[in-house]
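Derivation of every value follows stated rules applied to the coordinates shown; laboratory data play no part. The model shown is predicted, which means the values in this text are computed figures rather than measured ones. Neighbour counts are summed over all protein chains in view; Cβ atoms, including those assigned to glycine, are modelled from backbone coordinates with ideal geometry.
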Amino acid sequence: MNTPIYLDYAATTPLDRRVISVMQPIFENLFGNPSSLHRFGQQAETVLEEARRSLAENLGAQPREIIFTSCGSESDNLALRGTALARRQSGGHNLIVISPIEHPAIQVTARQLAAQEGFEVKTLPVDHTGRIDLGRLEDYLQQNTALVSVMAANNEIGTLNPIREIGKLCHQRGIPFHSDAVQYGAHLPINVGELQVDLLSLGAHKFYGPKGVGLLYVRQGTPILPIQTGGSQEFGLRAATENVPLIAGMAKAYQLAREEYSQRSNHLLPLRDLIIEKVLAEIPDSQLTGGDLQNRLPNHTSFVFENLDGNLLVQVLDSEGFACSSGSACKTGDPAPSSVLTALGYTADWALGSLRVTLGKDTSPVDVDRFLDALPLCIQRAREAK
Ligand SMILES: Cc1ncc(COP(=O)(O)O)c(C=O)c1O
């Protein structure tokens with residue numbers, strides 16, 4: 001078999017060698033605790049604060065507004081729980097507004113806040129591509145709205161949401177706005193001022209950084225309580241000794257992403273569009289899911305095929321040397337149709353046959369050609385085996 005081809009960059013990305021080069025000497029030499037007063041601690045703190053400064057600059061934020069976390073999920077948890085609880089404490093706000101296509105880190109957290117803390121959770125209407133209906137957003141911005149959380153780009157279907165416009169409407173009413181930009185930030189530049197967000201989540205492993213590290217941007221003055229309590233690290237918002245090598249690696253990976261966004265997109269867009277065009281033309285009973293070519297992540301394709309088991313298709317593709325996914329990685333092994341596809345109105349006979357093919361900066365045109373050549377037969381095999 002030829003070398004396997006990785007087409008699952010929305011699940012995670014390999015570490016960039018330039019990121020490894022930054023982390024390696026820190027792992028080897030800089031073991032100090034950044035909170036310690038002695039020179040070992042000071043050296044680690046210098047690296048930590050330089051990473052914070054660099055990330056803040058690249059996001060259009062202040063260093064004080066960057067809170068390091070262990071991953072995108074934790075950032076989402078801190079944003080939702082921390083702000084909901086703070087808003088209730090300060091003003092009795094009891095309503096959490098989310099979209100129906102949020103990552104489980106938001107959806108499950110919102111459900112738990114409802115079940116255990118008595119919050120009311122409302123879900124915004126979306127169109128068939130998963131984009132928020134701006135015209136109806138105002139109905140949800142009520143006196144008691146604690147916060148609104150809408151993802152910037154969806155992991156399963158690649159749809160981009162009108163974040164700036166949502167942020168603007170929230171701000172007119174003084175309601176904090178969080179956006180999960182874990183996928184978006186890997187491909188599109190972020191300026192938190194322009195995007196009008198108060199809270200924004202990122203995770204390093206989606207942009208060729210290490211796993212186990214993320215950040216939450218928190219605009220100064222946004223009500224928020226810590227979720228992980230203890231020491232006063234991260235401005236009192238996240239108790240834990242910071243993981244300095246991973247944080248420095250994330251800062252380097254994000255710096256590279258900023259410098260290379262347009263080069264990476266220019267490489268990815270024609271490959272993405274070729275896959276979409278060929279699949280829809282050549283595979284019977286296929287549909288593109290998610291946003292159109294304008295409102296879609298530049299590396300993202302996602303489809304549904306009628307009368308097919310998506311997980312089986314992923315296995316058949318894997319046996320042929322192609323690593324893709326059905327729905328999001330978190331759904332693997334779960335025979336229920338994806339809640340995102342269901343929210344968009346797909347019936348189970350379509351939604352169960354989903355396929356996500358996501359490209360990366362090292363995906364070559366030859367990789368895509370090989371994939372497109374193999375796909376029709378793999379689909380036929382998966383359909384026959386159903
Ligand atoms: C949109 C989105 N949010 C949050 C997460 C969770 O990030 P992490 O794996 O860093 O916890 C993911 C990961 O798949 C994601 O795609």
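Report summary: the helix-based calculation at 222 nm, which adds -39500 (n - 2.57) for every DSSP H run with n ≥ 4 and divides by the residues of the chain, gives -13000 deg cm²/dmol. Using 0.36 nm per residue and subtracting the Cα-Cα separation, the extra length available between Thr3 and Thr347 on full extension is 120.2 nm.
Projected over every direction and averaged, the convex hull enclosing the alpha-carbon atoms of the range 17-256 yields 12.4 nm². Structure remark: mean-square fluctuation, Gaussian network model of the chain, C-alpha springs under 10 Å; the largest value among Gly158, Gly118, Gly360 belongs to Gly118.
For the pair the range 356-386 / the range 237-298, the C-alpha centres are spaced 18 Å from each other. Within the listed set Asp198, Asp373, Asp76, the Gaussian network model of the chain (springs between alpha-carbon atoms below 10 Å) gives the highest mean-square fluctuation for Asp373. In the range 17-256, what % of DSSP beta bridges are antiparallel (nearest 5)? Expressed as a percentage, antiparallel bridges in the range 17-256 total about 45. Number of Lys-Lys pairs in the chain with C-alpha atoms under 24 Å apart and a separation of 8 or more places or on different chains: 12.
The protection proxy used here, the mean number of other Cβ atoms lying within 10 Å of each residue, ranks peptides 211-221, 136-146, 30-40 as follows, highest first: 211-221, 136-146, 30-40. At full extension, Ala385 and Arg17 could sit 128.4 nm farther apart than now, given 0.36 nm per residue minus the alpha carbon distance.
Mind checking Rg over Rh on the range 21-117, alpha carbons, Kirkwood formula for Rh? Don't skip to the end; give the middle numbers.
Numbers: Rg = 17.9 Å, Rh = 16.2 Å.
In the range 21-117, Rg relative to Rh is 1.11.
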